[in-house]
């Protein structure tokens, strides 16, 4: 079982996508299932988030259930949000997809923190996300993520 946590919290101004949201989830899901057709992909999050094809959706899980799911999974993949901090607390290594936030500040050294290029990082790391624009090209392509997934699942 692979858990994905595709979204960061909705911004106070209601704008979607959040600048931390990975834009290539559906392509990544397709690549994962092509390589590992027996894997079940569970999407966690909250009601109202876009649901991806070929995933089992588990929204609004109580914290203890979410922690239990993390302990049982083969792998988890997340954007820079609450989930990767929870998984680190549980002690389960996974993959975090960074775009404009700095994994040297917000990442956990035990995870695989993937950043396309430091040139996309925000100049003020602690500014409100409402002041940032969504930049899809700040994120790595799904093929790069797949290379890291294979290292874990092989």
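Every number in this text was worked out from the coordinates using simple rules, so none of it is lab data. Quick caveat: nothing in here was measured; it's all calculated off a predicted structure. In this analysis, Cβ positions are derived from the backbone assuming ideal geometry, glycine residues included, and neighbour counts consider all displayed protein chains.
Observations, loosely collected:
- Here residue 38 passes the criteria (1) in contact with a strand residue (DSSP E or B) (Cβ under 8 Å, 6 or more places away or on another chain); (2) free of Cβ contacts under 8 Å to residues at least 24 places away in the same chain; (3) closer than 26 Å to residue 153 by Cβ except the one numbered (1).
- Subset of the range 110-124 [in a loop (DSSP other than H, G, I, E, B) and under 19 Å from the mean Cα position of the chain (by Cα)]: 110, 111, 116, 117, 121, 122
- The set of residues in the range 106-125 that are within 19 Å of residue 7 (Cα to Cα) and either free of Cβ contacts under 8 Å to residues at least 12 places away in the same chain or out of contact with any helix residue (DSSP H, G or I) (no Cβ under 7 Å at 6 or more places or on another chain) (or both) comprises 106, 107, 121, 122.
- Odd one out for residue 45 among (1) closer than 18 Å to residue 1 by Cβ; (2) touching a residue at least 40 places away in the same chain (Cβ under 8 Å); (3) surrounded by fewer than 15 Cβ atoms within 10 Å (Cβ to Cβ): (3)
- Which numbered condition residue 150 misses (of (1) under 18 Å from residue 7 (Cβ atoms); (2) outside any loop (DSSP other than H, G, I, E, B)): (1)
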